[in-house]
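Working notes, structure below.
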Amino acid sequence: MSNEILWIIFVVLDLTSAVIIYRFFGKIGLFGLIVMSSIVCNIQVVKLVELFGFTATLGNVLYASIFFATDILSEMYGKKEARKGVLLGFVTLMVATLWMQIALFFKPSPYDTMDPALRKIFSIMPRITIASITAYLLSQFHDIWAFHFWKRKTKGKFLWLRNNASTMVSQAIDTVVFTTIAFLGSVNVSTFFSIMLTTYFLKWLVALFDTPFLYLAKRIGLRFKLYDPLEMKLWQEKV
């Protein structure tokens, strides 16, 4: 099976699982998804793969799906809950990173075979870490702001517009900030722009894929009343 087909299957499975988890666990399930994706995508990002003729990191699918989860939170629960999800993802990622750094200080048993692999994956590269944290916070908070900006401008209509307009711009911010901090000056100019364009292209594709899933998630949320009607009315009046 080609990487491209596997990547498409991965995207569909990721978004489908997000909708299913939302159906059965509601808002709490979305918080859990953000936490899981924040941690796992930072592990997957160390693997390079060939996709659509480009060399890319593997963490793009799960990272892009964080925007999907925050858009559901924004649509169904308001700006405050979406921000809470972003901060929860940030805090748990920092704590998980700290715990893994402490784990690396332990001397391995003479019978251990996994310590070299763990060190290779979890040893912090300061520039990459700073780039990842900065890009995450800037892009996610912009996504929430832009989502509600377009919701006000369209008077609550055109969910597809606020979903794509907020996510695609936010992912551009994320890509530019991350690649600039992480790679500018350490690679040649052509490689730098190749990394930036490839990363954004894959995130853009996920954003395009997630629009019908967002409509499905909203329909499920309304159908199964996965929200507090009074709370929704109150925050919608503030939009």
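The values are calculated or read from the model by the stated rules, or taken from the named source; none is laboratory data. Please read these numbers as outputs of a predicted model, since none were measured by experiment. Here Cβ is always computed from backbone atoms with ideal geometry, including for glycine, and neighbour counts include all displayed protein chains.
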Are there any pairs, at least 6 apart or on different chains, whose C-beta atoms fall under 7 Å, with the first in region 199-213 and over 20 Å from V46 (Cβ atoms) and the second of a type in the set (S, T, N, Q), and if so, which?
W204/Q171; A207/N164; A207/T167; A207/Q171; T211/N163; T211/N164
Check T55 against each of (1) without any contact (Cβ under 8 Å) to a residue 24 or more places away in the chain; (2) among the β-branched types (V, I, T); (3) assigned to a strand (DSSP E or B) and name the one condition it does not meet.
(1)
Inside region 58-133, counting only helices (runs of 4 or more DSSP H) that do not spill past its ends, which hold 2 or more residues that are buried (at least 20 other Cβ atoms within 10 Å of the Cβ)?
60-77, 79-105
Looking only at region 1-37, which residues are among the polar types (S, T, N, Q), assigned to a helix (DSSP H, G or I) and either within 16 Å of the chain's Cα centre (by Cα) or surrounded by fewer than 12 Cβ atoms within 10 Å (Cβ to Cβ) (or both)?
T16, S17, S37
What single numbered condition from (1) of a type in the set (A, V, I, L, M); (2) in contact with a helix residue (DSSP H, G or I) (Cβ under 6 Å, 6 or more places away or on another chain); (3) modelled with pLDDT of 95 or more; (4) over 23 Å from F52 (Cα atoms) fails to hold for L159?
(2)
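Are any of the residues in region 60-72 of a type outside the set (A, V, I, L, M, F, W, C) and farther than 22 Å from G221 by Cβ?
Restricting attention to region 60-72, the residues satisfying the condition of being of a type outside the set (A, V, I, L, M, F, W, C) are 60, 63, 65, 70-71.
This time we only want the ones that are farther than 22 Å from G221 by Cβ, so: 60, 63.
Scanning region 60-72, I find at least one residue that is of a type outside the set (A, V, I, L, M, F, W, C) and farther than 22 Å from G221 by Cβ, so the answer is yes.
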Please name all residue pairs, on different chains or six or more residues apart, with Cβ atoms under 8 Å, provided the first residue is in region 97-122 and is among the small types (G, A, S) and the second residue is in a helix (DSSP H, G or I).
A103/L118; A103/F122
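Within the group K225, K151, which residue is surrounded by fewer than 12 Cβ atoms within 10 Å (Cβ to Cβ) and of a type in the set (D, E, K, R)?
Values: K151 fails: surrounded by fewer than 12 Cβ atoms within 10 Å (Cβ to Cβ).
Checking each option against the conditions leaves just K225.
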